[in-house]
Amino acid sequence: MLVISCIKQVPDTTQVKIDPVTNTLIRDGIPFIINPYDSHALEESLRLKDRYKMRTVALSMGPPNAVATLRKASALGVDEAILLSDRCFGGADTLATSKVLSAAIERLGKEEEVGIVFCGKQTIDGDTAQVGPGIASRLGFSQLTLVDRIESIDFLRKTIRVRRKLEGRHEIVEAPLPVMITVVRELNRPRYPVVAKRLEAEDKEIKVWDNSVLRLDTETVGLKGSPTWVSKIFSPERDQGEIIGDGLRDPDGTAGLLLDRLLAKDLLAP
Ligand SMILES: Cc1cc2nc3c(=O)[nH]c(=O)nc-3n(C[C@H](O)[C@H](O)[C@H](O)COP(=O)(O)OP(=O)(O)OC[C@H]3O[C@@H](n4cnc5c(N)ncnc54)[C@H](O)[C@@H]3O)c2cc1C
């Protein structure tokens with residue numbers, strides 16, 4: 001049974017610069033990383049490989065330079081790493097992104113039974129948390145989000161039991177396989193690649209599937225297939241704020257000043 005992890009390449013910086021003309025992220029010259037939540041998705045797939053000998057595939061949709069991100073996944077021990085890259089996939093919103101990823105998962109499923117698809121809870125750039133659920137609904141898979149523990153997998157009954165991290169509480173849920181799971185950081189601690197594996201991964205093939213492989217209608221992918229497009233990205237104007245008193249040297253006095261200020265601004269009931 002196959003376990004797939006969807007990993008997105010994201011800018012390794014919060015100081016992203018926006019191209020004022022195209023309103024898109026300036027990607028040249030900035031380092032990229034595996035989206036932090038996806039490192040936990042990848043790690044969990046490798047743990048299922050270690051424990052149940054499941055075959056693991058890392059999938060990423062992105063520009064050609066995303067090969068470098070998949071090479072990191074390869075160095076960690078995934079059996080196969082596939083980049084979904086084609087100009088017609090560019091500019092995709094979450095709907096169009098889940099379309100391409102689902103088509104690749106369906107294609108893999110023709111060769112081998114897909115049991116689990118892991119996604120991160122969300123990315124640090126788009127931040128929508130929509131792609132995982134999009135994949136589940138397109139493929140008709142069970143959908144378990146915000147998972148912080150896999151309780152058990154019953155390969156005979158084809159069910160999985162997980163714990164979900166909700167606000168201030170947890171819930172245990174059981175669902176039939178195949179399943180799409182979005183993971184949170186508490187699920188595991190990602191391993192580090194050993195040097196030998198890293199060197200090995202340098203020569204390992206990273207497959208690249210373009211649209212001649214997935215054969216998707218180009219009107220339904222990329223910018224053309226995206227009902228949502230980012231019209232403007234900007235950093236909101238921040239009020240400079242004001243330093244009141246000196247909390248270190250005179251905490252009580254500062255607290256008094258702050259209280260007066262809040263009362264004066266009617267932000268506190270007298
Ligand atoms: C600043 C900014 C704002 C944006 N706002 C929107 C918006 O409001 N609506 C919209 O539709 N699009 C938006 N986009 C575009 C959106 O980022 C892309 O569609 C992206 O491919 C998927 O959305 P996401 O980053 O929010 O992913 P999320 O839904 O947050 O990702 C969840 C998980 O899905 C998987 N995943 C996501 N993308 C990929 C990928 N390319 N390859 C492999 N796995 C992946 C990963 O496991 C990831 O952890 C925005 C992009 C940017 C940079």
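Taking segment 117-142 as the range and being more than 7 Å from the ligand (Cβ to nearest atom) and open to solvent by 60 Å² or more (accessible area, probe 1.4 Å) as the test, the residues that pass are I124, S137, R138, G140.
The number of residues in segment 65-101 being crowded, with 24+ Cβ neighbours inside 10 Å, away from the ligand (no atom under 11 Å from the Cβ) and farther than 26 Å from E202 by Cα comes to 0.
Taken together, the criteria exclude G241 from residues that are without any contact (Cβ under 8 Å) to a residue 60 or more places away in the chain and surrounded by 11 or more Cβ atoms within 10 Å (Cβ to Cβ).
Within the group A41, A104, which residue is within 9 Å of the ligand (Cβ to nearest atom) and modelled with pLDDT of 95 or more? After applying the criteria, what remains is A41. Taken together, the criteria exclude I206 from residues that are of a type in the set (V, I, T), more than 24 Å from L84 (Cα to Cα) and touching a residue at least 24 places away in the same chain (Cβ under 8 Å).
Could you please find all residues in segment 180-225 being open to solvent by less than 30 Å² (accessible area, probe 1.4 Å) and more than 23 Å from D93 (Cα to Cα)? L187, N188, A201, I206, listed by residue number.
The values are calculated or read from the model by the stated rules, or taken from the named source; none is laboratory data. Bear in mind that the values here come from a model prediction, so they are computed numbers and not experimental data. Neighbour counts run over all protein chains shown; Cβ positions are idealised from the backbone, glycine included. Accessible surface areas use protein heavy atoms only, side chains included; no ligands, DNA or RNA. Shrake-Rupley method; radii C 1.70, N 1.55, O 1.52, S 1.80 Å.
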